[in-house]
Amino acid sequence: MRIIVPVLTLVFLLLTTVSHAASKPRMILVGGYVGSWKVPDSPSNTLNHWAEANRFKVGDVLVWTYDAKTDSVLQVTKEDYDRCNTTKPLKQFNDGDTKFKLNNSGAFFFISGASNNCVKGEKIHVVVLAERNSGGSPKVSPVSSPPASTHAPAPAPNAAVGLKVGSGLFLTAVAIGLAMA
């Protein structure tokens, strides 16, 4: 009995922390570092490669940092993304510190508003995972453009996702709790 109480307390605290961390929106710096919103230095190092390696959830906030005097961020349709058309964006941001909340699942398309930067590869396509439903009818999100001919990338592991029950870290914490009891 002496061991059970500390272990149950530890398990409760870990589960509470995991649940809270999983529901909290994340601020995600586009490209993973300040200054990544630029023309890529090579075709193998684009923002889309970075986006494909990450998971984006409803409620996450994308953050761009850039020189507002020379660049901007435009949210566009898939067609305008493919054509690098900057004339009719859905939304335009030019403050140098853009924050965009991902309010629904699906595809989001962003291009540079600077002349010819999109054509040179300064653009990003982000796929937001659907929310998990705990029963009832599935949620349907509006789609702003027809489905792309390419499939969404397979979900990749992401350090920002949080601790999962059953992970090695969780089991290690339980083992430490048992050893300390």
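Here, each number is a calculation from the coordinates, and none is a lab measurement. Remember, predicted model here, so these are calculated numbers, not experimental data. Note that each Cβ is placed from the backbone with ideal geometry, even for glycine, and that neighbours are counted across all protein chains shown.
Here are some notes:
- Taking a ≥ b ≥ c as the square roots of the eigenvalues of the alpha carbon gyration tensor, segment 35-82 is rounded, as a/c is under 1.5.
- Sorting the segments 56-68, 103-115 by their mean number of nearby beta carbons within 10 angstrom, highest to lowest, gives 103-115, 56-68.
- For the listed peptides 46-54, 88-96, a ranking on the average number of other beta carbons within 10 Å per residue, highest first, reads 46-54, 88-96.
- Two-site label geometry, residue 49 and residue 70: point separation in nm, points 7 Å out along Cα→Cβ: 2.2 nm
- Taking Lys and Arg as +1 and Asp and Glu as -1, the other residues whose beta-carbon sits under 15 Å from that of residue 61 total +4.
- Counted residue by residue at 0.36 nm each, then reduced by the alpha carbon distance between them, the extension gain from residue 41 to residue 61 reaches 4.7 nm.
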